[in-house]
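Since the structure comes first, as structure tokens, the remarks are kept for the end.
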Amino acid sequence: MSQTHQSTAMSVCPSCEEPLEESDRFCGACGYDLSSAPLAPVPDDRPASATTPPVPDAGPDASVEWPAAAGPSSGDSSDTPAPVHLPTDLEGTDSGGGELPTSGVRFDGVPDAPGTPDEVAEGDFPLAAPDPRTATPEEIEAATPPAGTKLCVACRAGQVDADGYCENCGHAQPRERDHMEQELGAVAAVSDRGLRHHRNEDAFAISSAALPDGSPAVVAVVCDGVSSATRPDDASLAATRAANESLHESLPRGTHPQQGMHEAIVAAAEAVNALAEEPATAREHKPHQNAPACTFVGSVVTRELLVVGWVGDSRAYWIPDDRSAPAARLTEDDSWAAQMVAAGLMSEAEAYADERAHAITGWLGADAYELEPHTASFKPDRPGVVVVCTDGLWNYAEAAEQMAQVVPADAATRPLHAAQVLVGHALDGGGHDNVTVAVLPFPGAWQGAGSA
């Protein structure tokens with residue numbers, strides 16, 4: 001829809017008498033809308049026509065008397081400020097027809113009412129916390145919540161409800177699994193949500209178990225939830241807990257660590273499969289949902305033996321303390337790229353450059369084709385560390401030599417610091433995925449247990 005504006009034939013503004021240009025539509029001095037002003041009569045030089053009706057005389061009442069402009073006698077009011085109108089100068093009523101209140105609007109507290117100085121008027125809300133700039137120490141102490149109360153990370157005043165939102169400002173709080181760190185003795189693990197995902201679907205468990213001869217066996221399990229599946233975060237958590245419990249039962253009985261790792265993978269798979277058991281009506285409403293699924297990688301370290309087990313594309317690396325010795329990748333991915341390389345159809349560089357490279361061919365879950373636990377045992381001849389991680393880390397240090405360059409030299413004595421550095425490396429690289437890593441020194445010596 002278009003609209004054509006008539007050009008004015010006035011030489012001065014009818015409101016303030018400011019000189020005008022021919023193309024002006026508004027007065028540049030007072031902003032007057034020139035299109036609403038009556039146009040001066042224009043002489044009609046056209047010849048009279050029989051079809052042209054006579055123009056009636058508008059009469060004296062049709063003329064408009066414009067008020068005189070305020071300002072200097074010269075008529076130039078460009079330097080004269082516009083009059084100020086206050087809201088109280090305008091009469092009005094509320095939606096019920098009553099008079100509007102004359103008191104100012106409150107932006108902070110509730111005015112004290114006679115006889116009830118500490119009570120809050122009906123319909124008002126008390127402030128969540130006193131202003132620390134003006135409150136007395138007694139007021140701040142009275143407003144301090146009991147010990148153990150979780151406060152909002154945004155306003156630092158409101159308490160967090162059971163749904164994870166601040167009761168004061170409504171800010172959504174970070175989930176507990178967004179960033180997790182754990183250190184037990186000489187082994188540690190760190191997990192982070194990353195910079196692109198809305199939740200952390202990774203999980204880990206670290207612990208130790210006593211072998212029959214009394215020597216310790218250090219355990220680390222890391223699982224990565226499959227994002228395209230349903231409840232991937234629940235799948236990874238269930239798998240790590242089940243595998244950790246299985247190893248704690250089998251290793252003290254004298255089960256060989258490699259056999260114990262195999263049994264732990266089976267137990268983890270059963271735990272993830274159980275998550276898919278739901279009422280038939282749920283499948284009817286959402287028939288296209290995939291069953292919960294995750295990848296798996298774990299390691300058991302003793303005084304003489306290093307055992308790894310995996311399903312999927314989570315990995316384990318061997319990084320010797322002596323960096324002049326070669327590092328090694330201890331696992332082989334269950335992925336499209338690995339299959340192409342194993343079949344000799346593509347080089348490793350070509351396969352991992354393909355967009356299908358990270359499509360996994362093995363995982364834990366009820367809809368897995370078949371469960372094929374992979375296990376391997378090694379006897380390193382020198383001290384070092386085992387790095388157990390998800391693809392959120394090794395995407396930024398894929399080759400063993402690259403991983404060795406990122407792992408700090410003192411990783412064996414400061415495993416938590418090493419894990420923090422590795423997670424930071426992934427975040428600095430872009431953090432496109434959840435990142436989880438556990439660092440286990442070899443040979444192992446440890447006390448304690450934990451999971452996250």
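The values are calculated or read from the model by the stated rules, or taken from the named source; none is laboratory data. Values in this document were obtained by computation on a predicted structure and should not be read as measured data. Here Cβ is always computed from backbone atoms with ideal geometry, including for glycine, and neighbour counts include all displayed protein chains. Protein only, heavy atoms only, side chains kept; ligands, DNA and RNA dropped before computing areas. Shrake-Rupley method; radii C 1.70, N 1.55, O 1.52, S 1.80 Å.
Here are a few things to note about the model shown:
- With the simple spin-label model, which puts each label point 7 Å out from Cα in the Cβ direction, the SER377 to GLU22 separation comes to 10.2 nm.
- Segment 317-452 - percent of accessible surface contributed by carbon and sulfur, probe 1.4 Å: 50
- For PHE26, PHE378, PHE296, the ranking by accessible surface with the largest value first comes to PHE26, PHE378, PHE296, using a 1.4 Å probe.
- Accessible area, probe 1.4 Å, largest first, for residues THR390, THR255: THR255, THR390
- The ALA349 and ALA162 beta-carbon pair, evaluated with R₀ = 56 Å, returns a calculated FRET efficiency of approximately 0.65.
- P(r) tail fraction, segment 303-452 - alpha-carbon pairs more than 21 Å apart, %: 48
- In the context of the full set of protein chains, segment 218-363 has a per residue accessible area of 43 Å² (1.4 Å probe).
- Counting only protein heavy atoms and using a 1.4 Å probe, the accessible area of MET180 comes to about 20 Å².
- Counting only protein chain heavy atoms and rolling a 1.4 Å probe, the accessible areas of ARG199, ARG382 rank, largest first, as ARG382, ARG199.
- Protein accessible area in segment 176-258, 1.4 Å probe - carbon and sulfur %: 45
- The largest-to-smallest principal axis extents of the Cα set in segment 312-366 are 39, 30, 18 Å.
- Fully extending the segment from THR134 to SER228, taken as 0.36 nm per residue of separation minus the present Cα-Cα distance, adds 28.7 nm.
- GLU17 contributes an accessible area of around 120 Å² to the protein surface, as traced by a 1.4 Å probe with all chains present.
- Between segment 162-211 and segment 330-409, the Cα center-to-center distance that results, in Å: 24
- Here CYS27 sits with roughly 10 square angstrom of accessible surface, probe radius 1.4 Å.
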